[in-house]
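The values are calculated or read from the model by the stated rules, or taken from the named source; none is laboratory data. This is a predicted model, so every value here is computed, not measured. Every residue, glycine as well, gets a Cβ built from its backbone with ideal geometry; the counts of neighbours run over all protein chains shown. Calculation scope for accessible area: heavy atoms of the full protein, side chains included, ligands and nucleic acids excluded. Shrake-Rupley method; radii C 1.70, N 1.55, O 1.52, S 1.80 Å.
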Amino acid sequence: MTNVQSETTVVLGDNQYGKAENHVVRVTKDGDRHSIEDLTVVSQLHGDFASAYYDGNNEHVVATDTQKNTVFAFAKDGIGSPEEFLLRLGQHFVDDFDWVSGGRWGARQVTWERIAVDGEGHDHSFFRGGSGGETRTAVVKIDGEHHHVIAGLQDLSVLKTTESGFVGYPTDQYTTLPETTDRILATSVTARWLYNTTDVDFNATFASVKRVLLETFTNHYSRALQETQYLMGKAVIEAHPEIDEIKFSMPNLHHFVADLSPYGLENPNEVFWAAHSPYGLIEGTLRREDLGDTDAIWKGVPAFV
Ligand SMILES: O=c1[nH]c(=O)c2[nH]c(=O)[nH]c2[nH]1
């Protein structure tokens, strides 16, 4: 057998690089009255970096350490909203380095709320906020002249103790689930929505989307988490012309009626065992009917920032 040695040509495909988990806490001080913005930022650059990969030539490589420093330096000018902060940050790299054509910048934001003392919010003592335990997220993508903003939230925990059922599903030899017209519905909403403009009051819109999601979760009899997800997304898109598309990932956090009959006790939907796993996982995208292909925008945007 002859052993033919041939040179294999390997080429560089998609690439991006930067610094992740830059956790910046900006304290704004108005005399003794302080407030906090708490963001964990990822910066990823796109551009002409081929010679770094092919030749070990770093003359285009804006160091990840520099990217990290820029995040903290920009925080000095205030944050405002994660979306505005990331737009400013990303534009800086594109403007200042000719070979940087774009990139992806992402942030998770947690909120801090004032501790109430004698009914008044304290000046400089806080507890972790987010009324549903959620984390706010933002992703900015820049591709040349194109700017895309995706906002979102992770792990917004919601539960309703009735007005939910699940019937009418197909049965086979493996089906054991009893139909029910009255059950607990619980989930932890992760949602990401795509804006069609950067001319947005991002903080106000975030608050509004969260309110619409919560209101819609409550305001109908749910025949399945799938239906509830659709209604939540539809309500957001109907309420916000600046939002074109919303993607959800929602676990169905099952609460099974505990069998108390061995103890001679009745249990009319009062005592439940909350199963941690396995859980149903209901995911979907809701979008305007006439919206074009947005796959390129979502490419590389992580489900969890
Ligand atoms: O809302 C639900 N959707 C399902 O797809 C499903 N499947 C299941 O076992 N329970 C439920 N509940």
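Assorted remarks:
- HN-Hα J in Hz across the stretch 171-187 - Karplus 6.51, -1.76, 1.60, θ = phi - 60°, x for Gly and Pro: 10, 9, 5, 9, 7, 10, 4, x, 5, 9, 10, 8, 9, 7, 10, 9, 7
- Our summary gives the chain a relative contact order of 12 percent, counting only alpha carbon pairs under 8 angstrom and 6 or more residues apart.
- Think of the chain as a dipole: +1 on every Lys or Arg Cβ, -1 on every Asp or Glu Cβ, centred on the Cα centre; then among ALA275, SER157, ALA204, ALA275 lies furthest on the positive end.
- The count of lysine pairs in the chain that are at least 8 places apart or cross chains, and whose C-alpha atoms lie under 18 Å apart, stands at 12.
- Loop-located chymotrypsin sites (Phe, Trp or Tyr not before Pro) in the stretch 121-188 (DSSP state other than H, G, I, E, B) with a sparse environment of at most 15 neighbouring Cβ atoms within 10 Å: TYR174.
- Heavy-atom surface of the chain, accessible at 1.4 Å and reported per residue (Å²): 56 Å²
- Assuming charge only on the beta carbon of Lys and Arg (+1) and of Asp and Glu (-1), the dipole of the stretch 201-246 about its Cα centre is about 260 debye to the nearest 20.
- Neighbour-limited loop hits for trypsin sites (Lys or Arg not before Pro), the stretch 236-305 (at most 15 other Cβ within 10 Å; DSSP other than H, G, I, E, B): ARG288, LYS299
- Among complete DSSP H helices in the chain, those whose alpha-carbon atoms stretch at least 20 Å along the helix's long axis and whose mean Kyte-Doolittle hydropathy reaches 0.5 are 202-218.
- Averaging the Cα positions of each part gives two centres, and for the stretch 67-128 and the stretch 140-184 these lie 30 Å apart.
- Cα shape, the stretch 4-117, gyration tensor, a/c 1.5 rule: prolate
- Neighbour-limited loop hits for chymotrypsin sites (Phe, Trp or Tyr not before Pro), the stretch 253-305 (at most 14 other Cβ within 10 Å; DSSP other than H, G, I, E, B): PHE304
- Dipole magnitude of the chain about its Cα centre (Cβ charges: Lys, Arg +1; Asp, Glu -1), debye to nearest 20: 480 debye
- Less than 5 angstrom separates the built amide H of ASN252 from those of GLY280, LEU281, ILE282, all sequence-distant by 5 or more or on a different chain.
- In the chain, the portion of solvent-accessible area held by carbon and sulfur atoms comes to 51 percent [1.4 Å probe, whole percent, DNA, RNA and ligands not counted].
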